[in-house]
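Okay, so here's the structure we're looking at.
The values are calculated or read from the model by the stated rules, or taken from the named source; none is laboratory data. Predicted model only: the values in this text are computed from it and were never measured. Cβ sites come from the backbone with ideal geometry, for glycine too, and all protein chains shown count toward neighbours.
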Amino acid sequence: MTEQEYQQQRLAVLAEAELDTLAVRAGQRRGPEGEHSEPIFTTSSYVFGSAAQAAARFAGDEPGNVYSRYTNPTVRTFEERIAALEGAEMGVATASGMAAILSTCMALLKRGDHIVCSRSVFGTTTVLLNKYLGKLGVSTTFVAPTDIEAWRAAVQPQTKMLLLETPSNPLAEIVDITALAELAKTSGSWLVVDNCFCTPALQKPLALGADIVVHSATKFLDGQGRCVGGAVVGRRAEMNEVLGFIRSCGPSMSPFNAWVFLKGLETLRLRMNAHSSNALALATWLEAQPGVERVFYSGLESHPQHALAKAQQSAFGGVLAFKVKGDKAAAWRFIDATRLVSITANLGDAKTTIVHPATTTHGRLTQEERDQAGISDNLIRVAVGLEDIADLQKDMQRGLDAL
């Protein structure tokens, strides 16, 4: 059997494989050394056999590597693996999650186009849309994420994109992907879903009708807070446009980071289930504490979109938020009294992190924008890690005692 025949048979087997198998095996092609783990191709360029081959590669007439800004075997393996996990035709890796959103918008939108976006998105996403895409002539209308009629009313003739996170950051609002997919189809728009909080281990937006999924690979795809990166997946036609933007403008993923993300994907479902279990236990415990005003986590039956979350997710993820009784000073006292968890804005780490959104992740928003997004001064976000739940509860109790 030739190597080509072997690879064809292997691809046929993977085409029928389940998520956990794809997370370990998809995209891998063994080289002449027979390596079992994916190699890191730390090269900026590639040598061609002739001037004619170089010309053909640069023109796209012959497949193969050209320059690591947009063709690298390690990065390509990650792209193919995340695409397989999301059920997409093609994936494109980027330098960060924000680069994924930027590249998608820059590749697909033009001056005069309009975006309808959930007002409950990462603060930097709001800045990107308002400050930078706005001055390029792309306008954005922000709407309440759970109000489908508000989305419908915001659509204009020039609307080309509906953009959202679900669950939202940090209030865990759940957006009805299927309903918005129908709206996107009837309005001739792309539905772009940030699947960072759930990952394909818990939620498949494309299967629910979305057109494009974006990721901050920095978060749960990595799983240990080691590297920064992003990804965009979807149909080949749109993804080729995104790749064209990457080729020309350069927000590329490094081969080393791609290799780290590949290692993270191998344990994705195991970790996401463990994060979800810990987060539900902690959210349930916090909800019963007298110093807590309200807990935001879609796994709680008290959550207004709990039924929808159960319908479109297999579990509820590892991120929760809660309001302490008091003001910003009370929230800061809570955070400062913890001793186990890490005070940092990153999430998706094996280590639990805690942050005050109003002065960090959403600190660049205006007060009005924070009010509209529900980011109050007494709100705290916790990205629940993989520590023992009893130890996490003890650390949260230290915070409560400081109130």
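Do the conditions hold for Val92, that is, is it in contact with a Leu (Cβ under 6 Å, 6 or more places away or on another chain), within 30 Å of Glu368 (Cα to Cα) and modelled with pLDDT of 95 or more? It is false that Val92 is in contact with a Leu (Cβ under 6 Å, 6 or more places away or on another chain), within 30 Å of Glu368 (Cα to Cα) and modelled with pLDDT of 95 or more. Among the residues making up region 304-320, a single one is more than 22 Å from the chain's Cα centre (by Cα) and touching a residue at least 40 places away in the same chain (Cβ under 8 Å): Pro304. Residues in region 76-110 that are in contact with a Phe, Trp or Tyr (Cβ under 7 Å, 6 or more places away or on another chain) and buried (at least 24 other Cβ atoms within 10 Å of the Cβ): Phe78, Ala93, Ser103. Among the residues of region 146-160, those that are within 25 Å of the chain's Cα centre (by Cα) and touching a residue at least 12 places away in the same chain (Cβ under 8 Å) comprise Thr146, Ile148, Trp151, Arg152, Ala154, Val155, Thr159, Lys160.
In region 29-54, of all residues being in a loop (DSSP other than H, G, I, E, B) and hydrophobic (A, V, I, L, M, F, W, C), the one that is surrounded by the most Cβ atoms within 10 Å (Cβ to Cβ) corresponds to Phe41. Kindly evaluate Arg226 against the criterion of being under 17 Å from Ala383 (Cβ atoms), at pLDDT 95 or above and among the charged types (D, E, K, R). So Arg226 fits the description; yes. Report, by residue number, each residue of region 6-28 that is surrounded by 14 or more Cβ atoms within 10 Å (Cβ to Cβ) and either part of a loop (DSSP other than H, G, I, E, B) or at pLDDT 95 or above (or both). Of everything in region 6-28, those that are surrounded by 14 or more Cβ atoms within 10 Å (Cβ to Cβ) and either part of a loop (DSSP other than H, G, I, E, B) or at pLDDT 95 or above (or both) turn out to be Ala17, Ala26, Gly27, Gln28.
Which helices (runs of 4 or more DSSP H) sit wholly inside region 146-230 and have at least 1 residues that are surrounded by fewer than 20 Cβ atoms within 10 Å (Cβ to Cβ), assigned by TED's automatic domain parsing to the domain that holds Glu86 and among the basic types (Lys, Arg)? The qualifying helices (runs of 4 or more DSSP H) are 148-154, 177-187.
Yes or no, residue by residue, for (1) among the aromatic types (Phe, Trp, Tyr); (2) over 18 Å from Asn195 (Cβ atoms):
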position: Ser216; (1), (2): no, no
position: Phe261; (1), (2): yes, no
position: Val292; (1), (2): no, yes
position: Ala315; (1), (2): no, no
position: Ala321; (1), (2): no, yes
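For region 86-108, a tally of residues being under 13 Å from the mean Cα position of the chain (by Cα) and part of a helix (DSSP H, G or I) returns 6. Within region 286-339, the set of residues being among the acidic types (Asp, Glu) and touching a strand residue (DSSP E or B) at 6+ places or on another chain (Cβ under 6 Å) comprises Glu287, Glu293. The conditions of being assigned to a loop (DSSP other than H, G, I, E, B) and either touching a residue at least 24 places away in the same chain (Cβ under 8 Å) or surrounded by fewer than 15 Cβ atoms within 10 Å (Cβ to Cβ) (or both) are not met by Gly399.
Candidates in region 358-386 are the residues that are among the charged types (D, E, K, R) and either without any contact (Cβ under 8 Å) to a residue 60 or more places away in the chain or buried (at least 20 other Cβ atoms within 10 Å of the Cβ) (or both); of these, the one that is farthest from Gly223 (Cα to Cα) is Glu368. On the given criteria, is Thr218 under 24 Å from Val341 (Cα atoms) and either in contact with a Pro (Cβ under 8 Å, 6 or more places away or on another chain) or β-branched (Val, Ile, Thr) (or both)? Answer is yes for this residue.
Condition check ((1) under 18 Å from Pro145 (Cβ atoms); (2) at pLDDT 95 or above; (3) not hydroxyl-bearing (Ser, Thr, Tyr)) across all residues:
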{"site": "Leu268", "(1), (2), (3)": "no, yes, yes"}
{"site": "Ala274", "(1), (2), (3)": "no, yes, yes"}
{"site": "Ala281", "(1), (2), (3)": "no, yes, yes"}
{"site": "Gln289", "(1), (2), (3)": "no, yes, yes"}
{"site": "Arg294", "(1), (2), (3)": "yes, yes, yes"}
{"site": "Ser298", "(1), (2), (3)": "yes, yes, no"}
{"site": "His303", "(1), (2), (3)": "yes, yes, yes"}
{"site": "Gln313", "(1), (2), (3)": "yes, yes, yes"}
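If I filter region 59-75 down to residues being in a helix (DSSP H, G or I) and in contact with a Phe, Trp or Tyr (Cβ under 9 Å, 6 or more places away or on another chain), which single residue comes out as farthest from Gly31 (Cα to Cα)? Among them, the one singled out is Val75.
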